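Student: Handing you a structure now.
Laboratory data are not the source of any read-out in this text; all were calculated from the coordinates shown. These figures come from a predicted structure and were not determined experimentally. Here Cβ is always computed from backbone atoms with ideal geometry, including for glycine, and neighbour counts include all displayed protein chains.
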Amino acid sequence: MSKASKPNTAKHFATMAIQSTEPKGDETGSVANSIYPTTTFKRELDGSYNSGYIYTRHDNPNRQLLEEALATLEGGETAFAFASGMAAISTMFQALKAGDHVILPDDAYYSVQAVAKDVFKRWELSHSIVDMTDYEAVQAAIRPETAMLWLESPSNPQLKISDITALSKLAKANGAITVVDNTWCTPVLQKPLNLGADVVMYSTTKYFGGHSDCLGGALVLGEPVSEELAPVLKNIQSLGGAVPAPFDCWLMTRGIKTLYLRLKQQSENATKLAKHLSTHEKVAMVHFPGLPTHPQYDLSMKQMPEGSGAMLSVQLGKSQAETMALIGKLNLFTAATSLGGVESLIEHRKSVEGDDSLTPDDLLRISVGIEHIDDLTADWDQALDKL
């Protein structure tokens, strides 16, 4: 666990991203951060640790720098880094107690529902799955034992937008906390804590790393819940040991330096690609919050004022086999799981999530990279012409 460092004098995210990841306490004057791959730290004869570090599972200079940067950029009080997004998610669930109830979105990263059903159900943790765009449905799902609302906005893979402010108020009124998976936006495009959420979750593997070469996750806590929740999460993080390696933390902090530039370009590309595909006769539907036709367009403009993100999904109105065949006709989109890297990726989600998935058979999820937009649209045009 790390708190946000001293007040940052920068007013803009791009500057804060650089300042928050600069070396701290390096006597060499190095401009680049050092990597501390050590597993353990020297103990003094009196049993103390003058460096403040004991063992890398508990803390490490690279992890501390990453956590401080995440807390600063999110506007949070404390942050915790983990070995993966799922490790962060699991830690948040472990912070609850047996008998608690959680409300999950009907459209969300499929492993969230899976871990609730396959793992935490055995811990006597119950859950309901609800359309988070329907306030009345969420309200109706709340029970006396409801402890947490889990939001994902935009959702994965249908890009539904949830009203974070309204649902956070609803949760607080019922004694529950609100956790928002902000992986697709990052604090560049959306700050859930400012909208009333209590905790923000990230798979830092995606946009924070940005180059598809490191795995990580994070939880960032707002001030109201930090005092009570931070010690619980720190204990689980330290005892559970699902922490990122120093080198992965170093890669994440390096990625943060260019996060603003990458995501702004990717979001611009995605907006142009979404508009292009929405007018194509062979595309049945485009899911993208930046399109005026999106059901929650006005809400998305309010919650995500800096851009609509770099993710979109398309439905072709074809069979699953025909839909998957299109992927092979694209030249510039790699068929792969994950998102957020500089390269454009595409995936047929239903075949990944399984037969019980609610994702439509004809849906393709697209992670837009930083390639030139004219090349990306031309690639889609030639692929669709072959359908």
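Student: I need to check one value: relative contact order of the chain, counting alpha carbon pairs closer than 8 Å and at least 6 residues apart, in percent. Don't skip to the answer; put the middle values down first.
Tutor: Numbers: 785 pairs, mean separation 65.7, N = 387.
In percent, rounded to a whole number, it is 17.
Student: Relative to the first principal axis of the alpha-carbon coordinates of the chain, what is the inclination of helix 61-74, with its axis defined by its Cα atoms, in degrees from 0 to 90 and to the nearest 10?
Tutor: Value to nearest ten degrees: 60.
Student: For segment 8-257, what is the number of Lys pairs with C-alpha distance below 20 angstrom, counting only pairs 8 or more positions apart or on separate chains?
Tutor: 16
Student: Given q = 0.08 Å⁻¹, what are the Debye log10 I(q)/I(0) values for the chain, with equal point scatterers placed on the Cα positions and solvent ignored?
Tutor: Normalising to I(0) and taking log10 leaves -0.41.
Student: Using the beta-carbon distance between Asn235 and Leu387 and R0 = 45 Å, what value does 1/(1 + (r/R0)^6) give for FRET efficiency, to the nearest 0.05? Before the final figure, lay out each step's value.
Tutor: Working: r = 54 Å, r/R0 = 1.20.
With R0 = 45 Å, the Cβ-Cβ based efficiency is 0.25.
Student: Arranged from highest to lowest average of other beta-carbon atoms within 10 Å per residue, in what order do the peptides 234-243, 103-112 appear?
Tutor: On the way: 234-243: 16.8, 103-112: 20.7.
Most protected by this proxy first, the peptides run 103-112, 234-243.
Student: Can I ask one more? Relative contact order (percent) for segment 235-382, with alpha-carbon contacts under 8 angstrom and 6 or more residues of separation? Kindly include the intermediate steps, with their values, before the conclusion.
Tutor: On the way: 202 pairs, mean separation 34.1, N = 148.
Once divided by the residue count of segment 235-382, the mean separation gives 23 percent.
Student: Let me make sure I get this right: for segment 1-106, a, b and c are the square roots of the gyration tensor eigenvalues over alpha carbons, sorted descending. Under 1.5 in a/c it's rounded, otherwise prolate if a/b > b/c, else oblate. Which is it? Working shown, then result.
Tutor: Numbers: a/c = 2.43, a/b = 1.26, b/c = 1.93.
In terms of gyration-tensor shape, oblate.
Student: Right, something else. Percent of alpha carbon pairs in segment 260-385 separated by more than 22 Å? Show your work: numbers first, answer last.
Tutor: Working: 2449 of 7875 pairs.
The share of Cα pairs beyond 22 Å in segment 260-385 comes to 31 percent.
Student: Work out the count of Lys pairs in segment 260-385 where the Cα-Cα distance is under 16 Å, with the pair 8 or more places apart or on different chains.
Tutor: The result is 5.
Student: Indicate, rounded to the nearest 5 percent, the antiparallel portion of the DSSP beta bridges found entirely in segment 135-240.
Tutor: Numbers: 4 of 12 bridges.
Around 35 percent of the beta bridges assigned by DSSP in segment 135-240 are antiparallel ones.
Student: In addition: Of Gly222, Pro187, Asn50, whose Cα points farthest to the positive end of the dipole of the chain (charges on the beta-carbon: +1 Lys, Arg; -1 Asp, Glu; origin at the Cα centre)?
Tutor: Value computed over the given set: Asn50.
Student: Here is a further query. Would you order Glu77, Glu22 from fewest to most other beta-carbon atoms within 10 Å of each residue's own beta-carbon?
Tutor: Numbers: Glu77 19, Glu22 14.
Least to most surrounded, the residues fall as Glu22, Glu77.
Student: Pick from Pro244, Pro289, Pro37: which residue has the top mean-square fluctuation in a GNM of the chain where Cα pairs under 10 Å get a spring?
Tutor: Looking only at Pro244, Pro289, Pro37, the largest GNM fluctuation is found for Pro37.
Student: Give me the percent relative contact order of segment 1-152, please, defined on Cα pairs under 8 angstrom at least 6 residues apart. Working shown, then result.
Tutor: Values: 180 pairs, mean separation 33.4, N = 152.
It rounds to 22 percent for segment 1-152.
Student: Right, another one. Relative to the first principal axis of the alpha-carbon coordinates of the chain, what is the inclination of helix 223-240, with its axis defined by its Cα atoms, in degrees from 0 to 90 and to the nearest 10?
Tutor: Roughly 80 degrees between the two axes.
Student: Further question: Is the C-alpha gyration tensor of segment 59-124 telling us rounded, prolate or oblate? Criteria: a/c under 1.5 is rounded; beyond that, a/b larger than b/c is prolate, otherwise oblate. Spell out each step's value before the answer.
Tutor: Working: a/c = 2.29, a/b = 2.04, b/c = 1.12.
In terms of gyration-tensor shape, prolate.
Student: Taking only Cα atoms and a 10 Å spring cutoff, compute GNM fluctuations for the chain and point out the largest among Gly76, Gly341, Gly196.
Tutor: In the Gaussian network model the winner is Gly196.
Student: Right, something else. Output the 0 to 90 degree angle, nearest 10, between the alpha-carbon long axis of helix 246-257 and the longest principal axis computed from the alpha carbons of the chain.
Tutor: Helix 246-257 sits roughly 60 degrees off the main axis of the chain.
Student: Rounded to the nearest 500, what is the 222 nm mean residue ellipticity of the chain from helices alone, with -39500 (n - 2.57) per DSSP H run of 4+ residues and division by all residues?
Tutor: Working: 14 runs with 144 residues, N = 387.
My calculation for the chain gives -11000 deg cm²/dmol from helical runs alone.
Student: While we're looking at this one, here's another question. Could you tell me what percent of the DSSP beta bridges with both partners in the chain are antiparallel, to the nearest 5?
Tutor: On the way: 24 of 42 bridges.
If I count the DSSP bridges inside the chain, around 55 percent turn out antiparallel.
Student: Further question: From zero outward in steps of 5 Å, how is the percent of C-alpha pairs of segment 92-249 spread across the bins?
Tutor: Pair shares across the bins are 2, 9, 18, 22, 23, 16, 8, 2, 0, 0.
Student: Tell me which of Ile142, Gly210, Ala17 sits at the most positive position along the dipole axis of segment 8-257, charges placed on C-beta atoms (Lys, Arg +1; Asp, Glu -1).
Tutor: Gly210
Student: Might you report the magnitude of the Cβ-based charge dipole of the chain about its Cα centre, with Lys and Arg at +1 and Asp and Glu at -1, to the nearest 20 debye? Numbers along the way, then the final one.
Tutor: Details: 33 positive and 46 negative charges, 104 e Å.
That gives the chain a dipole magnitude of about 500 debye.
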